[in-house]
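A.B. asks: The structure is given below, and queries will be raised subsequently.
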Amino acid sequence: MAVISVKDLVKTYIVGEVTVRALRGANMDVEAGEFVAVTGPSGSGKSTLMHILGCLDRPTSGQYLLDGKDVSRMSKDELAAIRNIKIGFVFQGFNLLSRTTALDNVELPLLYNGGSKMKTAERHRRAMDALGSVGLADRYHHYPNQLSGGQQQRVAIARALINQPSIILADEPTGNLDTHTSVEVMGIFQRLNIERGITIILITHETDIAEYGTRLVRFRDGRIQIDQQITNRRDAAKELAALPPPEPDLPNEPADVVPADHLGGVS
Amino acid sequence: MSILMTFRIALKALNRNKMRTVLTMLGMIIGVGAVITMVALGRGAQATIEDQVKSAGTNLINVNAGNFQAAGVRQGQGMATTLTADDAAALRDVPGVQYVAAGVNSRGQVIAGNQNWSTRIEGTDVDFPDIRVWPVRYGMFFTQQDVNSAAKVAVLGSVVADTLFGPDVDPTGQIMRIRNQPFKVIGVMTSKGQGSFGQDQDDTIFTPYTTVQKKLQGIQHINNISVSSVTANTAPVAAAVGEVLRARHKLGPGDPDDFMVRTQEEIASVRTETTRTMTTLLAAIAGVSLLVGGIGIMNIMLVSVTERTREIGLRLAIGARGKDVLLQFLVEAIVISLFGGLLGIGLGFGLSAAVENFFQWPTSIPPNAIGMAFGFAAATGVFFGFYPARKAAGLDPIEALRYE
Ligand SMILES: Nc1ncnc2c1ncn2[C@@H]1O[C@H](COP(=O)(O)OP(=O)(O)OP(=O)(O)O)[C@@H](O)[C@H]1O
Ligand SMILES: [Mg+2]
């Protein structure tokens, strides 16, 4: 059975006199363990779909089954629980809380998951594990403004991982990153997909980033235009090993270890 | 999310914007502080009145000539000539009456040696020290003999004695002049302090009422009669006194009294009532500043919700429920108001102490005022925090995340 199944999904926005039809009947089934790369021109409805899949928004019409359950029948609190436990969301703009340490940022979803009843030490341990799996264990006490873009995105990924979700949705997670950092981040996603079997749906504008996935979905005008398996999938870990290490982004701290290193240190 | 965790998050959020938090609290601090100070002042005044009532004498009933409450007999107090020494004597036979003293009041210049002083001259009777529970310090009070003979003897209040003869000097036996007539000082009263109308009771000279009538003023009537009843139940005695006087004055059933009988409690209760009204008024005015403080909290919380829209969106996106966000902002408002309230109580104590020290006004902070101020602060937090908090909780996650 498909983890995610959408049928005839329609989303219409009405702004004043203008009606924007962001989704015009999208159909898609995603099986567990797939890594779906979603591409398409700007305004084609990718983010709109992602928000609906992430239970952040509701469709105007159409059906969305998550694990076979109809999401439209769920209460607000049930949707909040799904966002908390089942789905990890990674945004293009990181969306970390400012003036809040990396560790606290990563812990945040735990607070809404009965985690407040968890001992502080246990919460810290789990947050450190999550930070470790994105190679940032040594930066746990840093504030977002003390981290590079790539590091911030890795903190955001750690946050998405903290409640061990079965699905990760990422809306242009590499949109603000340079090529090298993008490959690093894609390496993390690939590893989570392969080693932990997490289902990933990832939006990207770049076709080469899409090739890290197992399946390519192309949007056009609110509909899926192309939906195909990726034949020769790229391997971020290998590519990184071949690339020269980047300049450390915080000169005084030798802490930013090259990704090949931390890729080995999976918890 | 547990309430403890919510508190911790609220503290963190408030800590991130210390200056704003402190300024918001200031409204609360001033409001609560003002309410506490006002209540303390009012209560202090009330306590003073109660003390004065006690010091005025127990079971006291005052009879004054004239009746400014009755139409037609509208004469100024002290001007009326409706009471006589015989009226006073007749009251001794009223059941329940213990002591009676006729009174005639005057003012005048008094001289001793080269000291000169203008003071009250209170003509009274031998029962006076018993009625007022007021002992003599030096010498003795005058006797029935002195009253009968209208003797020129004077018992001094402590202020007068201090002024004319110096403090801690026993002036008995000395001669002084009252309105240029020689009087013999036979005693000095102990110090009593302020009377129930705020006058200094010690700034007085006591002489037999007959002396004031005959030697100083040349009148036949008296101004008032002080009566004390045997028991604390003064009301029936006061009524009986009224009946006797009406009969003696031959007043018909429809005629108004040409005198006024008031018990000490009645006099006190009017003043206590006035003070209570003042206290309520002052506290209400101070309460307005508390209200303004509350609106300040709401204002800042609304700004804060707007400013933190993206944060709220993010929290919702990672699984916070509406009520988690509601609680978070509500608790922030409550923390501000409770902390402000606490500091306000401290400020109230400080201000009250300062007022007491600098102006010599007695203050007293009733324990329930502290509880009330605190409860009111918390209620303000909940009341004014709820709207912004609900606004935050009702945000749409996507729109909140997109908010610029
Ligand atoms: N809240 C909104 N109100 C009105 N119109 C909206 C809203 N959100 C999205 N749209 C419109 O819906 C359409 C699809 O938007 P969407 O964000 O899904 O595009 P996208 O494929 O993610 O584009 P991009 O690659 O630029 O991110 C666009 O035309 C957009 O203007
Ligand atoms: Mg988009």
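The values are calculated or read from the model by the stated rules, or taken from the named source; none is laboratory data. This one's a predicted model, so the numbers in the text were calculated from it and none came from an experiment. Cβ atoms come from the backbone with ideal geometry, glycine included; neighbour counts cover every protein chain shown. Areas reflect the complete protein model, heavy atoms only, side chains present, ligands, DNA and RNA absent. Shrake-Rupley method; radii C 1.70, N 1.55, O 1.52, S 1.80 Å.
A.B. asks: Does A:LYS119 satisfy the condition of being away from chain B (no Cβ under 13 Å) and basic (Lys, Arg)? Break it down into steps so the answer makes sense when it comes.
C.D. replies: Values: away from chain B (no Cβ under 13 Å): no; basic (Lys, Arg): yes.
No.
A.B. asks: Taking the condition of being within 16 Å of ligand 1 (Cβ to nearest atom) and within 14 Å of chain B (Cβ to nearest Cβ), how many residues in the range A:155-185 meet it?
C.D. replies: 4
A.B. asks: Of the residues A:LEU136, A:LEU131, A:LEU97, A:LEU103, which single one is within 25 Å of A:GLU195 (Cα to Cα), at pLDDT 90 or above and surrounded by fewer than 23 Cβ atoms within 10 Å (Cβ to Cβ)? Let's see the steps before the verdict.
C.D. replies: Working: A:LEU136 fails: surrounded by fewer than 23 Cβ atoms within 10 Å (Cβ to Cβ); A:LEU131 fails: surrounded by fewer than 23 Cβ atoms within 10 Å (Cβ to Cβ); A:LEU97 fails: within 25 Å of A:GLU195 (Cα to Cα).
None of the others qualify; the one that does is A:LEU103.
A.B. asks: Taking the condition open to solvent by less than 20 Å² (accessible area, probe 1.4 Å) and either within 16 Å of ligand 1 (Cβ to nearest atom) or over 15 Å from A:ALA170 (Cα atoms) (or both), does A:LEU79 pass? Talk me through it step by step, then tell me what you get.
C.D. replies: Numbers: open to solvent by less than 20 Å² (accessible area, probe 1.4 Å): yes; either within 16 Å of ligand 1 (Cβ to nearest atom) or over 15 Å from A:ALA170 (Cα atoms) (or both): yes.
The answer is yes for A:LEU79.
A.B. asks: Follow-up question, since we're still on this one. Across the range A:164-181, what is the number of residues that are surrounded by 23 or more Cβ atoms within 10 Å (Cβ to Cβ) and small (Gly, Ala, Ser)?
C.D. replies: 1
A.B. asks: What pairs come up if the first residue lies in the range A:42-55 and is near ligand 2 (Cβ under 9 Å from one of its atoms), the second is of a type in the set (Ser, Thr, Tyr), and their beta carbons are under 8 Å apart, counting only those six or more places apart or on different chains?
C.D. replies: A:LYS46/A:THR39
A.B. asks: Would you confirm whether any residue within the range A:4-14 is within 9 Å of ligand 1 (Cβ to nearest atom) and either surrounded by 20 or more Cβ atoms within 10 Å (Cβ to Cβ) or among the aliphatic types (A, V, I, L, M) (or both)?
C.D. replies: So far as the range A:4-14 goes, yes, one or more of its residues are within 9 Å of ligand 1 (Cβ to nearest atom) and either surrounded by 20 or more Cβ atoms within 10 Å (Cβ to Cβ) or among the aliphatic types (A, V, I, L, M) (or both).
A.B. asks: Applying the selection to the range B:176-203, what residues are in contact with a Leu (Cβ under 8 Å, 6 or more places away or on another chain) and not in a loop (DSSP other than H, G, I, E, B)? Lay out the reasoning, then the answer.
C.D. replies: Taking the range B:176-203 and keeping what is in contact with a Leu (Cβ under 8 Å, 6 or more places away or on another chain), we get B:176, B:178-179, B:181, B:185, B:187-189.
Matches in the range B:176-203: B:MET176, B:ILE178, B:GLN181, B:VAL185, B:GLY187, B:VAL188, B:MET189.
A.B. asks: Also, I was wondering about something else. Right, B:PHE329: aromatic (Phe, Trp, Tyr), modelled with pLDDT of 90 or more and farther than 20 Å from B:ILE3 by Cβ or not? Before you say what the answer is, go through the steps one by one.
C.D. replies: Working: aromatic (Phe, Trp, Tyr): yes; modelled with pLDDT of 90 or more: yes; farther than 20 Å from B:ILE3 by Cβ: no.
No; evaluated as a whole, the condition is false for this residue.
A.B. asks: Return the residues of the range A:58-69 that are within 14 Å of another protein chain (Cβ to nearest Cβ) and buried (at least 19 other Cβ atoms within 10 Å of the Cβ); say none if nothing qualifies.
C.D. replies: Hit for the range A:58-69 is A:PRO59, nothing else.
A.B. asks: Looking at (1) part of a strand (DSSP E or B); (2) at pLDDT below 85, can you tell me which one B:GLY254 breaks?
C.D. replies: It is condition (1) that B:GLY254 fails.
A.B. asks: When you scan the range B:345-404, how many residues do you find that are among the aromatic types (Phe, Trp, Tyr) and within 14 Å of another protein chain (Cβ to nearest Cβ)? So that I can check it myself, show each step before the final result.
C.D. replies: Residues of the range B:345-404 among the aromatic types (Phe, Trp, Tyr): B:349, B:358-359, B:361, B:374, B:376, B:383-384, B:386-387, B:403.
From what is left, the residues that are within 14 Å of another protein chain (Cβ to nearest Cβ) are B:403.
The qualifying residues number 1.
Yes or no, residue by residue, for (1) modelled with pLDDT under 85; (2) surrounded by 14 or more Cβ atoms within 10 Å (Cβ to Cβ); (3) within 14 Å of chain A (Cβ to nearest Cβ); (4) more than 30 Å from B:LEU316 (Cα to Cα):
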{"residue": "B:VAL22", "(1), (2), (3), (4)": "no, yes, no, no"}
{"residue": "B:GLY33", "(1), (2), (3), (4)": "no, yes, no, yes"}
{"residue": "B:THR37", "(1), (2), (3), (4)": "no, yes, no, yes"}
{"residue": "B:GLY57", "(1), (2), (3), (4)": "yes, yes, no, yes"}
{"residue": "B:ASN62", "(1), (2), (3), (4)": "no, yes, no, yes"}
{"residue": "B:MET79", "(1), (2), (3), (4)": "yes, no, no, yes"}
{"residue": "B:ALA102", "(1), (2), (3), (4)": "no, yes, no, yes"}
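A.B. asks: Next question. Select from the range A:23-38 the residues that are within 12 Å of ligand 1 (Cβ to nearest atom) and buried (at least 22 other Cβ atoms within 10 Å of the Cβ) and list them in ascending order. Steps first, please.
C.D. replies: Here is the first cut: in the range A:23-38, the residues within 12 Å of ligand 1 (Cβ to nearest atom) are A:23-24, A:26, A:38.
Passing the criteria: A:LEU23, A:ALA26, A:VAL38.
A.B. asks: Can you find, within the range A:187-216, the residue that is nearest to the other protein chains (Cβ to nearest Cβ) among those that are open to solvent by 20 Å² or more (accessible area, probe 1.4 Å) and within 16 Å of ligand 1 (Cβ to nearest atom)?
C.D. replies: For the range A:187-216, the residue satisfying everything is A:HIS205.
A.B. asks: Something else about it: Tell me which residues, restricted to the range A:10-41, are within 16 Å of ligand 2 (Cβ to nearest atom), away from chain B (no Cβ under 14 Å) and free of Cβ contacts under 8 Å to residues at least 60 places away in the same chain.
C.D. replies: Result: A:VAL20, single match.
A.B. asks: Picking from B:ASN233, B:ASN299, which residue would you name as being farther than 30 Å from A:PRO109 by Cβ and out of contact with any Gly (no Cβ under 9 Å at 6 or more places or on another chain)? Walk me through it before giving the result.
C.D. replies: Details: B:ASN233 fails: out of contact with any Gly (no Cβ under 9 Å at 6 or more places or on another chain).
It is B:ASN299.
A.B. asks: From the set of residues in the range A:42-53 that are open to solvent by 10 Å² or more (accessible area, probe 1.4 Å) and under 17 Å from the mean Cα position of the chain (by Cα), which is farthest from the other protein chains (Cβ to nearest Cβ)? Please lay out each step first, then the result.
C.D. replies: Within the range A:42-53, the subset open to solvent by 10 Å² or more (accessible area, probe 1.4 Å) is A:42-43, A:46-48, A:51.
With the extra rule that they be under 17 Å from the mean Cα position of the chain (by Cα), the set shrinks to A:46-48, A:51.
Numbers: A:LYS46: 14, A:SER47: 9, A:THR48: 9, A:HIS51: 5 Å.
Checking each candidate, the answer is A:LYS46.
A.B. asks: Moving to a separate point now. Can you find, within the range A:67-101, the residue that is farthest from A:ASN163 (Cα to Cα) among those that are touching a strand residue (DSSP E or B) at 6+ places or on another chain (Cβ under 6 Å) and more than 16 Å from ligand 2 (Cβ to nearest atom)?
C.D. replies: A:VAL71
A.B. asks: In addition: Within the range B:270-307, can you find the residues that are free of Cβ contacts under 8 Å to residues at least 40 places away in the same chain and more than 24 Å from B:MET38 (Cβ to Cβ)?
C.D. replies: Within the range B:270-307, B:ASN299, B:VAL303, B:THR306, B:GLU307 qualify.
Here's the yes/no breakdown for (1) in the same structural domain as B:HIS221 (by TED's automatic domain parsing); (2) touching a residue at least 24 places away in the same chain (Cβ under 8 Å); (3) buried (at least 22 other Cβ atoms within 10 Å of the Cβ):
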{"position": "B:ASP87", "(1), (2), (3)": "yes, yes, yes"}
{"position": "B:ARG92", "(1), (2), (3)": "yes, no, no"}
{"position": "B:GLY96", "(1), (2), (3)": "yes, yes, no"}
{"position": "B:SER106", "(1), (2), (3)": "yes, yes, no"}
{"position": "B:GLY113", "(1), (2), (3)": "yes, yes, no"}
{"position": "B:ASN116", "(1), (2), (3)": "yes, no, no"}
{"position": "B:ARG120", "(1), (2), (3)": "yes, yes, no"}
{"position": "B:ASP125", "(1), (2), (3)": "yes, yes, yes"}
